[in-house]
1. Select from the stretch 11-43 the residues that are within 15 Å of the ligand (Cβ to nearest atom), aliphatic (A, V, I, L, M) and out of contact with any strand residue (DSSP E or B) (no Cβ under 7 Å at 6 or more places or on another chain) and list them in ascending order.
2. Are any residues in the stretch 1-10 part of a loop (DSSP other than H, G, I, E, B) and near the ligand (Cβ under 10 Å from one of its atoms), and if so, which ones?
3. Which of the following residues is at pLDDT 95 or above, touching a Cys at 6+ places or on another chain (Cβ under 9 Å) and among the small types (Gly, Ala, Ser): 10, 21?
4. Out of all the residues in the stretch 20-41, which are surrounded by 12 or more Cβ atoms within 10 Å (Cβ to Cβ) and within 16 Å of residue 226 (Cβ to Cβ)?
5. When the residues of the stretch 91-105 are narrowed to those that are surrounded by 14 or more Cβ atoms within 10 Å (Cβ to Cβ) and without any contact (Cβ under 8 Å) to a residue 60 or more places away in the chain, which ends up farthest from residue 58 (Cα to Cα)?
6. Which of the residues that make up the stretch 54-98 are within 13 Å of the ligand (Cβ to nearest atom) and of a type in the set (Asp, Glu)?
7. State whether the residues of the stretch 47-65 include one that is among the charged types (D, E, K, R), over 21 Å from residue 159 (Cα atoms) and surrounded by 13 or more Cβ atoms within 10 Å (Cβ to Cβ).
Amino acid sequence: MTAPLRLHYAPDNASLCVRLALTELALPYETVLVDRAAQGQKSAAFLRLNPNGLIPVLETPHGPMFETAAIILWLAEQKGNLMPPPNTPKRQNALQWMIWLANTLHPTLRMIFYPDQYTGCDGTALRPSAAGRLIAHLDVLAASQTAPWLDHDAPSAPGCYLGPMLRWAALYGGGNTWFDLQRWPRLHAFAQRTEQRAATIAVARAEGLGPTPFSAPSPCDPPEGSAL
Ligand SMILES: N[C@@H](CCC(=O)N[C@@H](CS)C(=O)NCC(=O)O)C(=O)O
């Protein structure tokens, strides 16, 4: 790769998943802080990178790229073993879970965090049903026979995406009242295993996520910027 990769990020935002993948792959990258407090993701300059006004964006030698899952999959094409090889059953399963994370789990979390964007009004009444859906989704994942990446020591593309989402579920949108990772021993073990990895420790330090960012998360205390 010629031009440096530039990650437009805010602490503990969806950019965290991309930062994890970048760090696991030991790819050099620069970060550009998006000022969430000033709605920097809606600025004209940011909208030129991502017209959806959402974090993250990764600038690559081919231009800016948005959507967390797409970015992680693109990174997995550049280097390393975050995805199984093409045309294998394991690849099929990993792709399936990547898309599920992007179009099922992540949107459900977004409904909990941003209910007003889905209802056009205050919207907090949406939270209990979305929380119920999130739990049902995680029941499905935890029982799956096609997600070996949950149980392995090696990092994976879906693992980079899931870890932060387990954290956000516990921390944001009132998750402390209804979300208990211990409900799913397999997911809890995944979270504990993942947060012991050197890449996770480095990313947690960079974004102020504390020592157990996925299994028992504490609020983010970043060295720069703000999570919300
Ligand atoms: N589908 C998008 C969702 C990204 C997303 O929800 N980003 C949040 C931060 S975690 C954001 O930018 N929120 C600000 C807003 O909604 O204005 C992706 O996967 O990249």
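The values are calculated or read from the model by the stated rules, or taken from the named source; none is laboratory data. What you see is a predicted model, and the numbers here were worked out from it, not measured in a lab. Here the Cβ is made from the backbone with ideal geometry for all residues, glycine too, and neighbour counts use every protein chain on show.
1. Correct list: 14, 16, 20, 21, 37, 38.
2. Listed by number, the list holds a single entry, 10.
3. Exactly one residue qualifies, and that residue is 21.
4. Passing the criteria: 31, 32, 33, 34, 35, 36, 40, 41.
5. Of all residues in the stretch 91-105, those surrounded by 14 or more Cβ atoms within 10 Å (Cβ to Cβ) come to 93-98, 100-102, 104-105.
Then keep just the ones that are without any contact (Cβ under 8 Å) to a residue 60 or more places away in the chain; that gives 93, 95-96, 100, 102, 104.
On the way: 93: 25, 95: 20, 96: 23, 100: 21, 102: 17, 104: 22 Å.
Residue satisfying both the conditions and the ranking: 93.
6. Let us first name the residues in the stretch 54-98 that are within 13 Å of the ligand (Cβ to nearest atom), namely 54-58, 64-74, 98.
Of everything in the stretch 54-98, just one residue is within 13 Å of the ligand (Cβ to nearest atom) and of a type in the set (Asp, Glu), namely 67.
7. Quick first cut of the stretch 47-65, residues among the charged types (D, E, K, R) only: 48, 59.
With over 21 Å from residue 159 (Cα atoms) added as a condition, the list becomes 48, 59.
Checking the rest, the ones that are also surrounded by 13 or more Cβ atoms within 10 Å (Cβ to Cβ) come to 59.
Yes: one or more hits.
Each row is one residue, and each column tells you yes or no for (1) exposed (fewer than 14 other Cβ atoms within 10 Å of the Cβ); (2) touching a residue at least 24 places away in the same chain (Cβ under 8 Å).
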site: 125; (1), (2): yes, no
site: 131; (1), (2): no, yes
site: 141; (1), (2): no, yes
site: 150; (1), (2): no, yes
site: 153; (1), (2): yes, yes
site: 160; (1), (2): no, yes
site: 184; (1), (2): no, yes
